[in-house]
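To keep things clear, I will list the structure first and then write my remarks on it.
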Amino acid sequence: LKRPPARAPCRPSGAARRCALPAAAMTSTEGGSHPAGHADRLSTTGDDVVNQRQSFRKNRSVSKTGMTDKPTVVKGGGCFGFCKPKPPVEEVDVVLVGGGVMSATVGLMLKQLEPSWKIVIYERLGAMAEESSNGWNNAGTGHSALCEPNYTPGNAEKVDVSKAITVNENWQLSRQYWTYLKNQNLLKDPNTFIDVTPHCTFAYGEDQVGWLKQRYNSLHKHPLFEGMEYTDDPKTLREWSPLMMEGRSSSDKVALSRCKVGTDVDFGELTRNLGKAFMKLGGNLLLFHTVSGLKKEKDGKWLVTVKKNDLGAKTCQVRSKFVFVGAGGWALLLLQKSKIPEIRGFMGFPISGEFLVCQNPDVVSKHPNKVYGKAAIGAPPMSVPHLDKRIIGGKHMILFGPFAGFSPRYLKTGSLMDLFKSIRLHNLIPAAAAGLQNLDLTVYLMKQLLASDNAKFAELQNFVPSAKPQDWLKVTAGQRVQIMKKDPKKVGILQFGTEVVAASDGSICGLLGASPGASTAVQVALDVLTKCFGNTHMKKWEPTLKTMIKSYGTKLSDNKALYQSIHAETAAALNIK
């Protein structure tokens, strides 16, 4: 029998032949973590595929940018790409200027009250909360007057606690609104921005100890300050604040009051959470957009000019029924551009700040509190020295300060010309009068500016006697713009609090000033709505507002049972005390 002839091996099809690669190309000597490819993974050679490219000179048909293989065809673009036609004016219901906690709160609240409204927030930087609301640019205190001496002026004989009660009432509004947002699943995890941190007031010397004891006696029986404690016993002091008592002389006359329900708040993280909730409900947040002009039209609406680095006309305009200016220090400049008569007489004096920061875990673990002391004579209220346990971006640390500084900028990222741009004929006299009445403040600021590192460390040692210089570094905080304004009795005054300036028709409103600021954002938002939208809207919104804030329209200090119920509910929702 003859064998059948051997068949020729099958040849792959044309497509298979084209896709066939040498065996070496089908394997890798680098990938993974095997020892043989270690050297190749650390460094590539000139003939490596990632270092190969085609010559641009031999491919002249590609686009002008070299990103595609098609010739670039430019259509329109004006003269050399400039003078491009502006886009049509967009109609909106509300414009909010600035991506800080104030704009985020007002914008979110309005979006909840009027879901169909078109609301937009313009922020000039690349993220929300990059200026005053940023965790590094403020004290992070949930200001509730539990420990801040500037809200309780007086002496060993008498202390005025009226302002402290007001501030605490306003703080309770913030707790309630955040609880509502948590229950609505608009704030995911409160522990990302708020943390239980006891609030303490520190007294040093016979006079201050007498004042602190009187302060405690005036507050601890009030419903809003239940649980406040006081001690001047050395053993108890070491238990409450071990870092402050470590290395302290037994002859030092010191005392502390303490409230365990105090909080530390990362207002930067809170603002970003509010921004996410705002966008979830349909609000529009636009970053890298700078509001540069405000003009009121005949129909009462505002024509808002916005600069942006787009590929078109570099600018756009929107027409809005209501404008809220929550742009920090720049709010003054923008309100001046609006030319509303209510801003006449206002001027701002910028003050920067500096903190000493300790990140040594061994030191941080010894200080669980926020501790406020009394300000030096002549110092502005915002310069009250405090030693704070802080959590910023999840990092535990201690901050001490603030030490005052000066910059003519109205924002940390503002212009050196901000102060000079705000000067008008109508605010020169009030500003001069305020300056003459506060010459001692000028002296204080000069001393702070000239203070050496050794002088600042000596101030720290009043709070932390055992401090080591190598554990503390200097960090520049945010800008604060203190308001100077007209006054019927004193011609002009320097104001240290927060002020809302609104047009008489309520179509535009802005927030000026500093402390207590972010802690009272909800109270400010409610007052803005009341002032600018009138009785018609407020009556319509009242049922929803009472759902958001159970104590809306009442005073908790007049209803102990309601306060205790709400306080327990908010504590459970926010995982605080």
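Would it be correct to say that LEU186 is among the hydrophobic types (A, V, I, L, M, F, W, C) and not in a loop (DSSP other than H, G, I, E, B)? So LEU186 does not fit the description; no.
Within the stretch 321-332, is there a residue that is closer than 16 Å to ASN427 by Cα and touching a Phe, Trp or Tyr at 6+ places or on another chain (Cβ under 9 Å)? I'd like the intermediate steps shown before the answer.
Residues of the stretch 321-332 that are closer than 16 Å to ASN427 by Cα, as a first pass: 331-332.
Applying the additional criterion that residues be touching a Phe, Trp or Tyr at 6+ places or on another chain (Cβ under 9 Å) yields 331-332.
Checking the stretch 321-332: at least one residue is closer than 16 Å to ASN427 by Cα and touching a Phe, Trp or Tyr at 6+ places or on another chain (Cβ under 9 Å).
Only one of the numbered conditions (1) open to solvent by 40 Å² or more (accessible area, probe 1.4 Å); (2) in a loop (DSSP other than H, G, I, E, B) is violated by LEU125, and that is (1). Remark: LEU449 falls outside the filter, which requires a residue to be closer than 27 Å to GLY414 by Cβ, open to solvent by 20 Å² or more (accessible area, probe 1.4 Å) and either at pLDDT 95 or above or part of a loop (DSSP other than H, G, I, E, B) (or both). Would you mind stating whether ILE340 is buried (at least 20 other Cβ atoms within 10 Å of the Cβ), β-branched (Val, Ile, Thr) and within 21 Å of ASN134 (Cα to Cα)? When the stated conditions are applied, ILE340 does not pass them. Assessment of the stretch 6-16 against the conditions (in a loop (DSSP other than H, G, I, E, B), loosely packed, with under 11 Cβ neighbours inside 10 Å and at pLDDT 70 or above) yields no matching residue. Selection over the stretch 188-218 of residues that are of a type in the set (Asp, Glu) and over 25 Å from the mean Cα position of the chain (by Cα) gives a count of 2. Considering the stretch 219-239 alone, what residues qualify as being within 19 Å of LYS260 (Cβ to Cβ) and either aromatic (Phe, Trp, Tyr) or in a helix (DSSP H, G or I) (or both)? Correct list: LEU219, PRO223, LEU224, PHE225, TYR230, LYS235, THR236, LEU237, ARG238, GLU239.
Which one of these is in contact (Cβ under 8 Å) with a residue 40 or more places away in the chain and among the basic types (Lys, Arg): LYS546, LYS490, LYS531, LYS540?
On the way: LYS546 fails: in contact (Cβ under 8 Å) with a residue 40 or more places away in the chain; LYS531 fails: in contact (Cβ under 8 Å) with a residue 40 or more places away in the chain; LYS540 fails: in contact (Cβ under 8 Å) with a residue 40 or more places away in the chain.
None of the other options fit; the residue is LYS490.
Report, by residue number, each residue of the stretch 470-483 that is touching a Phe, Trp or Tyr at 6+ places or on another chain (Cβ under 6 Å) and either open to solvent by 20 Å² or more (accessible area, probe 1.4 Å) or not in a strand (DSSP E or B) (or both). Of everything in the stretch 470-483, just one residue is touching a Phe, Trp or Tyr at 6+ places or on another chain (Cβ under 6 Å) and either open to solvent by 20 Å² or more (accessible area, probe 1.4 Å) or not in a strand (DSSP E or B) (or both), namely VAL475.
Quick grid of which residues meet (1) open to solvent by 30 Å² or more (accessible area, probe 1.4 Å); (2) farther than 26 Å from THR544 by Cβ; (3) without any contact (Cβ under 8 Å) to a residue 24 or more places away in the chain:
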{"position": "SER133", "(1), (2), (3)": "no, no, no"}
{"position": "TRP136", "(1), (2), (3)": "yes, yes, no"}
{"position": "THR141", "(1), (2), (3)": "no, yes, no"}
{"position": "PRO149", "(1), (2), (3)": "no, yes, no"}
{"position": "GLY154", "(1), (2), (3)": "yes, yes, no"}
{"position": "ILE165", "(1), (2), (3)": "yes, yes, no"}
{"position": "TRP178", "(1), (2), (3)": "no, no, no"}
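The values are calculated or read from the model by the stated rules, or taken from the named source; none is laboratory data. These numbers come from a predicted model, not from an experiment. As a convention, Cβ positions derive from the backbone with ideal geometry for all residues, glycine included, and neighbour counts pool all protein chains shown. Remember, those area values only see protein heavy atoms, side chains included, never the ligands or the DNA or RNA. Shrake-Rupley method; radii C 1.70, N 1.55, O 1.52, S 1.80 Å.
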